[in-house]
1. Would you pick out the residues in the stretch 233-248 that are in contact with a Leu (Cβ under 8 Å, 6 or more places away or on another chain), under 19 Å from Leu266 (Cα atoms) and buried (at least 19 other Cβ atoms within 10 Å of the Cβ)?
2. Looking at this structure, is Val125 touching a residue at least 60 places away in the same chain (Cβ under 8 Å), surrounded by 13 or more Cβ atoms within 10 Å (Cβ to Cβ) and within 26 Å of Glu224 (Cβ to Cβ)?
3. Quick one: would you say Leu111 is touching a residue at least 40 places away in the same chain (Cβ under 8 Å), surrounded by 12 or more Cβ atoms within 10 Å (Cβ to Cβ) and either touching an Asp or Glu at 6+ places or on another chain (Cβ under 7 Å) or of a type outside the set (Asp, Glu) (or both)?
4. Answer yes or no: is there a residue in the stretch 40-62 that is farther than 25 Å from Pro268 by Cβ, small (Gly, Ala, Ser) and out of contact with any Phe, Trp or Tyr (no Cβ under 9 Å at 6 or more places or on another chain).
5. For the stretch 257-277, how many residues meet the condition of being out of contact with any Phe, Trp or Tyr (no Cβ under 8 Å at 6 or more places or on another chain), part of a loop (DSSP other than H, G, I, E, B) and in contact (Cβ under 8 Å) with a residue 12 or more places away in the chain?
6. Note down all Cβ pairs under 8 Å where the first residue falls in the stretch 183-210 and is basic (Lys, Arg), the second is surrounded by 13 or more Cβ atoms within 10 Å (Cβ to Cβ), and they're at least six residues apart or on different chains.
7. Looking at this structure, is Arg228 surrounded by 15 or more Cβ atoms within 10 Å (Cβ to Cβ) and touching a residue at least 24 places away in the same chain (Cβ under 8 Å)?
8. Filter the stretch 249-267 for residues that are surrounded by fewer than 22 Cβ atoms within 10 Å (Cβ to Cβ) and either more than 17 Å from Thr78 (Cβ to Cβ) or of a type in the set (A, V, I, L, M) (or both) and give the result.
Amino acid sequence: MTDIGVHAVRQRVRRGAGRIGAATPPGRDRAVDALRAAAVLGVVLGHWLVTALVSDGRTLRTASPLHHMPWLAPVSWTFQTLAVFFLVGGHIATRGHASARARGVPYRQWLTARLSRLFKPVAAVLTLWTVAAVALLLSGTEYGTVRTLVKLALSPLWFLLVFAGLTAATPLLARLNPLWPLAVVLHVDLLRFGLGGPAWLGWVNVAAGWAVPYTLGAAWTRGELERRRAGWILLVGGAAATAGLVAWAGYPASMVGVPGQGVSNLYPPTLAVVTFGLAQCGGALLLRERLRHAMRRPVAWAAVALVNLTAMTVFLWHQTALMASTATGLLAGRLPGLHTPPDGLAWVGDRLLWLPVFVLVLAVCCAAFRSFEGSGGGRLSGGELSGEGLSGEGLSGEGLGGEGRGRGSRVVRAHRPSDRGAAKAARHV
């Protein structure tokens with residue numbers, strides 16, 4: 001591309017970013033959107049880096065580089081960002097509920113508006129993979145391969161089920177001290193690991209474990225986490241507790257599940273992953289002011305806005321993009337970093353080279369299925385930024401979002417860094 005062409009592209013990007021910035025209400029807390037975008041991208045990159053589909057003849061099986069190279073566990077510390085999801089989600093949901101209550105919106109109407117937009121994008125994933133699974137089985141594909149693919153494709157749905165349950169409990173969780181669900185996680189782990197209790201007890205932590213960052217989000221709404229001291233306590237205390245649990249209590253160092261590992265920190269959540277989440281939440285809170293400053297740059301804010309506008313689609317389809325790339329690549333043979341065992345640094349280097357391919361395939365998925373994410377149909381307009389499209393009410397603008405006020409509503413007005421009125425209302429929820 002010539003210098004003139006590069007300059008023209010830059011000008012177009014700047015003009016587009018300027019339009020997005022102009023369409024954003026001035027009172028919007030852009031740090032919240034930045035944290036949400038970082039959490040989405042962290043999960044996506046984490047899955048792409050630690051999930052391998054190994055080709056053994058006609059069969060595909062899952063493998064993880066963390067199984068062969070456990071010293072890569074810090075990769076999971078970087079990209080396991082689910083606690084930030086729940087922190088932001090709890091903050092936004094409690095603000096939204098307090099605002100809806102102040103306007104006289106009934107709880108049922110508020111909850112229906114928040115959850116109804118989940119069904120279209122989830123239904124699209126379920127429909128496509130039902131058809132794909134039947135077609136693969138009828139074509140003679142090994143059952144084990146089909147099971148592996150479907151399990152990976154639908155694995156993001158567990159998050160949405162937990163998130164939906166916590167959202168439904170928002171009126172109760174808005175008043176709950178995070179120490180209560182943390183105490184539940186602690187006692188469950190003591191029973192499981194210390195006293196030899198049944199393994200099924202661990203599934204209690206699915207709700208209790210993720211309720212910890214969710215209720216921290218509610219505390220953020222109440223104005224209890226505004227001082228930097230709170231962020232430092234969470235960061236240092238959570239990191240120290242996690243280090244102690246890994247070093248002396250026998251918890252795995254990896255914060256994601258590793259095939260073949262006896263205990264997973266994530267499925268179901270353990271005390272270690274919850275304390276690690278506390279450290280993540282502390283770091284996120286400490287970054288708020290820097291993110292607000294960084295989001296004043298038009299191009300940076302435009303990138304964050306675009307991620308938020310397609311967050312549900314990216315989240316639901318990123319595993320499909322990985323599998324589509326892997327399956328298509330089989331036509332060219334057994335490719336390194338795509339079909340080979342993740343048993344050395346060479347695989348890591350090869351996998352990094354495949355990331356742009358995954359991004360391209362995911363972009364195709366977003367173009368094809370973005371319309372299921374909401375009524376915006378992929379438009380990026382002022383109405384989307386100020387109303388339904390990039391609302392502050394959930395995983396993405398449309399995915400778990402909206403206060404239910406209808407098309408073109410100014411939902412993001414409930415999303416300000418220093419709205420003491422909303423914080424006061426939240427205390428009385």
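1. Matches in the stretch 233-248: Gly238, Leu245.
2. So Val125 does not fit the description; no.
3. Answer is yes for this residue.
4. Checked against the condition, which is being farther than 25 Å from Pro268 by Cβ, small (Gly, Ala, Ser) and out of contact with any Phe, Trp or Tyr (no Cβ under 9 Å at 6 or more places or on another chain), the stretch 40-62 yields at least one hit.
5. 6
6. Filtered contacts from the stretch 183-210: Arg192/Leu201; Arg192/Gly202.
7. no
8. Ala249, Gly250, Ala253, Pro259, Gly260, Gln261, Gly262, Val263, Ser264, Leu266, Tyr267
The values are calculated or read from the model by the stated rules, or taken from the named source; none is laboratory data. Because the structure is a prediction, the values reported are computed rather than measured. Note that we place each Cβ from the backbone using ideal geometry, even for glycine, and neighbour counts take in every protein chain shown.
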